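Student: Sharing a structure here in structure tokens format.
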């Protein structure tokens, strides 16, 4: 006898996501200081983004300096998000807009006022904010004065920033994410964006010189900072809820060869479970001690750190999901790209122009994989497809995006039917943003189109895509009509 598939819960958080450095622009306006995103020049799928500590706007184009100019369009943009029907908006607060150098004695009041206004607009339309405290935005001054997140001093600077905004917005923000995609520091590409580490010899984002000792020190320091943030936040407002944000690199073995199975398990442990275990269970898992030993990785810790990790665990598990990768011990197999890292090509999947494989069923698998391990509420805080949109007569027919979201939302509902406690979905993105990995506008993700090109030219007018109206109806029917 067939059973009726469970529906989305009535209070489900249908939403959309962005990050400050990919939308705000106004990079030095009203007292804001430069951050690590502001030092990344434009690139493309084939040209890596240059990292330039000396920012030279005559020589390079820096996409974050203007981005989509949300700083001057936020009222219009939030009104469009309300029309879309968003119940939740995942956003980040720029550290350098509040503390221009990252370690200033006093916060920048103009920066705080800007976010006052953003939260006021969200409240006006009944949209729940989900705030990422650190989303790839270490102030550039700290990069030059410290070794980035590899320096323990940064923990206290971060905590001062986090406490400042949690106190300021304690009555308007309930849901917080201490760090975006914290596990990216398990990969060498995470050095710059996530750790604020520029090792000698690194010139661009895609080919970074790596020192695993510094990188894992940075990750450990972020774990400690996250725990301290949770502990401090619960003192400020006991109703605060904190979430992980794991870049979930879901992996399959390419073949049933036991060597592939074992390699896949080890990959999943390092990339996904390690960070989830620390932030949800409050402990370093057994396999990491051996990993550090085998790879001769050493970094500074304090005994008190591990008590803090136990005390400052997160309340819910949130993650990004874009694609899956295959792992194999075979040599000379065809490879594909991905969010932070790629893998062996899966013969059963199609891929985007940027060579990211599309795997909706993998999302159901991932949701079960996560909930089985952690048994806390789950949120998908990034999921989407980067594609070139054709803008004709003010219209954008993006059936490919609708198809992508429809297939993924169907699998979310099946995961809920499996028993997963899925409480929210904030796709990447609510509105077009500049791409993190390439700096392009052409790689578009949003439901709302922004008329700007890869070089910052355009009217910056906003237009509703076909996917806007489709998602609007999905939200209105609580996922019943796809």
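Student: For the condition closer than 26 Å to residue 8 by Cβ, surrounded by fewer than 22 Cβ atoms within 10 Å (Cβ to Cβ), touching a strand residue (DSSP E or B) at 6+ places or on another chain (Cβ under 7 Å) and modelled with pLDDT of 95 or more, what is the one hit in 417, 421?
Tutor: Working: 417 fails: touching a strand residue (DSSP E or B) at 6+ places or on another chain (Cβ under 7 Å).
The unique qualifying residue is 421.
Student: Could you grab me the full set of residues in region 235-276 that are more than 16 Å from residue 324 (Cα to Cα), assigned to a helix (DSSP H, G or I) and either free of Cβ contacts under 8 Å to residues at least 40 places away in the same chain or over 21 Å from the mean Cα position of the chain (by Cα) (or both)?
Tutor: Narrowing region 235-276 to residues more than 16 Å from residue 324 (Cα to Cα): 235-245, 256-259, 262, 274-276.
With the extra rule that they be assigned to a helix (DSSP H, G or I), the set shrinks to 235-236, 258-259, 262, 274-276.
Passing the criteria: 235, 236, 258, 259, 262.
Student: May I ask you to verify whether residue 100 is in a loop (DSSP other than H, G, I, E, B) and surrounded by 18 or more Cβ atoms within 10 Å (Cβ to Cβ)? Working first, answer last.
Tutor: Numbers: in a loop (DSSP other than H, G, I, E, B): yes; surrounded by 18 or more Cβ atoms within 10 Å (Cβ to Cβ): yes.
So residue 100 passes the test.
Student: Here's another thing I want to ask about it. Check residue 465 against each of (1) touching a strand residue (DSSP E or B) at 6+ places or on another chain (Cβ under 7 Å); (2) in contact (Cβ under 8 Å) with a residue 60 or more places away in the chain; (3) within 24 Å of residue 43 (Cα to Cα) and name the one condition it does not meet.
Tutor: The one condition residue 465 does not meet is (3).
Student: Which residues, counting only those in region 282-336, are farther than 17 Å from residue 263 by Cα, part of a strand (DSSP E or B) and touching a helix residue (DSSP H, G or I) at 6+ places or on another chain (Cβ under 8 Å)?
Tutor: 317, 319 - these are the residues of region 282-336 that are farther than 17 Å from residue 263 by Cα, part of a strand (DSSP E or B) and touching a helix residue (DSSP H, G or I) at 6+ places or on another chain (Cβ under 8 Å).
Residue-wise test of (1) assigned to a helix (DSSP H, G or I); (2) touching a helix residue (DSSP H, G or I) at 6+ places or on another chain (Cβ under 6 Å); (3) on the phi < 0 side of the Ramachandran plot.
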{"position": "27", "(1), (2), (3)": "no, yes, yes"}
{"position": "30", "(1), (2), (3)": "yes, yes, no"}
{"position": "42", "(1), (2), (3)": "no, yes, yes"}
{"position": "61", "(1), (2), (3)": "no, no, yes"}
{"position": "79", "(1), (2), (3)": "yes, no, yes"}
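Residue-by-condition table, conditions (1) surrounded by 24 or more Cβ atoms within 10 Å (Cβ to Cβ); (2) touching a residue at least 40 places away in the same chain (Cβ under 8 Å); (3) touching a strand residue (DSSP E or B) at 6+ places or on another chain (Cβ under 6 Å):
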{"residue": "141", "(1), (2), (3)": "no, yes, no"}
{"residue": "149", "(1), (2), (3)": "yes, yes, no"}
{"residue": "156", "(1), (2), (3)": "no, no, no"}
{"residue": "160", "(1), (2), (3)": "no, yes, no"}
{"residue": "164", "(1), (2), (3)": "no, yes, no"}
{"residue": "177", "(1), (2), (3)": "yes, yes, yes"}
{"residue": "190", "(1), (2), (3)": "yes, yes, no"}
{"residue": "197", "(1), (2), (3)": "yes, yes, no"}
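Student: Still on this structure, I have one more. For residue 397, which of the numbered conditions (1) assigned to a loop (DSSP other than H, G, I, E, B); (2) without any contact (Cβ under 8 Å) to a residue 40 or more places away in the chain; (3) more than 27 Å from residue 48 (Cα to Cα) fails to hold?
Tutor: (2)
Student: Assess whether residue 267 counts as being more than 30 Å from residue 356 (Cβ to Cβ), modelled with pLDDT of 95 or more and either in contact with a strand residue (DSSP E or B) (Cβ under 7 Å, 6 or more places away or on another chain) or surrounded by fewer than 20 Cβ atoms within 10 Å (Cβ to Cβ) (or both). Can you show your working first?
Tutor: Values: more than 30 Å from residue 356 (Cβ to Cβ): no; modelled with pLDDT of 95 or more: yes; either in contact with a strand residue (DSSP E or B) (Cβ under 7 Å, 6 or more places away or on another chain) or surrounded by fewer than 20 Cβ atoms within 10 Å (Cβ to Cβ) (or both): yes.
Considered against the rule, which asks whether it is more than 30 Å from residue 356 (Cβ to Cβ), modelled with pLDDT of 95 or more and either in contact with a strand residue (DSSP E or B) (Cβ under 7 Å, 6 or more places away or on another chain) or surrounded by fewer than 20 Cβ atoms within 10 Å (Cβ to Cβ) (or both), residue 267 comes out as no.
Student: Now for a different question. So if I check each of 68, 5, which one is in contact (Cβ under 8 Å) with a residue 24 or more places away in the chain, within 22 Å of residue 97 (Cβ to Cβ) and not in a strand (DSSP E or B)? Don't jump to the end; show me each part of the working.
Tutor: Working: 5 fails: within 22 Å of residue 97 (Cβ to Cβ).
Result of the check over 68, 5: 68.
Student: Tell me which residues, restricted to region 21-40, are buried (at least 24 other Cβ atoms within 10 Å of the Cβ) and either without any contact (Cβ under 8 Å) to a residue 60 or more places away in the chain or under 20 Å from residue 84 (Cβ atoms) (or both).
Tutor: Result: 22, 23, 24.
Student: Restricted to region 105-136, and to residues that are touching a helix residue (DSSP H, G or I) at 6+ places or on another chain (Cβ under 9 Å) and in a loop (DSSP other than H, G, I, E, B), which residue is nearest to residue 166 (Cα to Cα)?
Tutor: Pass one, region 105-136, residues touching a helix residue (DSSP H, G or I) at 6+ places or on another chain (Cβ under 9 Å): 107-118, 121-122, 124-129, 131-136.
Checking the rest, the ones that are also in a loop (DSSP other than H, G, I, E, B) come to 107-108, 125-127, 135-136.
Numbers: 107: 13, 108: 15, 125: 22, 126: 20, 127: 18, 135: 16, 136: 19 Å.
Here the residue is 107.
Student: Would you pick out the residues in region 349-384 that are at pLDDT below 95, more than 13 Å from residue 250 (Cβ to Cβ) and in a loop (DSSP other than H, G, I, E, B)?
Tutor: Residues satisfying the conditions are 352, 353, 354, 355.
Student: Can you name the residue in region 166-175 that is surrounded by fewer than 19 Cβ atoms within 10 Å (Cβ to Cβ) and out of contact with any helix residue (DSSP H, G or I) (no Cβ under 7 Å at 6 or more places or on another chain) and is also farthest from residue 301 (Cα to Cα) among such residues?
Tutor: 171
Student: Condition check: in contact (Cβ under 8 Å) with a residue 60 or more places away in the chain, surrounded by 22 or more Cβ atoms within 10 Å (Cβ to Cβ) and either under 12 Å from residue 43 (Cβ atoms) or within 23 Å of the chain's Cα centre (by Cα) (or both). Does residue 454 satisfy that? Steps first, please.
Tutor: Working: in contact (Cβ under 8 Å) with a residue 60 or more places away in the chain: yes; surrounded by 22 or more Cβ atoms within 10 Å (Cβ to Cβ): no; either under 12 Å from residue 43 (Cβ atoms) or within 23 Å of the chain's Cα centre (by Cα) (or both): yes.
No: the conditions fail for residue 454.
Student: Are any of the residues in region 206-217 within 19 Å of the chain's Cα centre (by Cα) and surrounded by fewer than 21 Cβ atoms within 10 Å (Cβ to Cβ)?
Tutor: Looking through region 206-217, at least one residue is within 19 Å of the chain's Cα centre (by Cα) and surrounded by fewer than 21 Cβ atoms within 10 Å (Cβ to Cβ).
Student: Using beta carbons and a limit of 7 Å, which pairs, at least six apart or on different chains, have the first residue in region 287-302 and farther than 13 Å from residue 217 by Cα and the second one in a helix (DSSP H, G or I)?
Tutor: Matching pairs, first to second residue: 287/269; 288/274; 291/270; 295/212.
Student: Taking only region 392-406 into account, find how many residues are over 22 Å from the mean Cα position of the chain (by Cα) and modelled with pLDDT of 95 or more. Explain how you work it out, then say what you get.
Tutor: Filtering region 392-406 for residues over 22 Å from the mean Cα position of the chain (by Cα) gives 392-400, 403.
Then keep just the ones that are modelled with pLDDT of 95 or more; that gives 395-400, 403.
The number of residues fulfilling the criteria is 7.
The values are calculated or read from the model by the stated rules, or taken from the named source; none is laboratory data. Remember, it's a predicted structure, so these values are computed and weren't measured experimentally. When we count neighbours, we look across all protein chains shown, and the Cβ atoms used for this are built from the backbone with ideal geometry, even at glycine.
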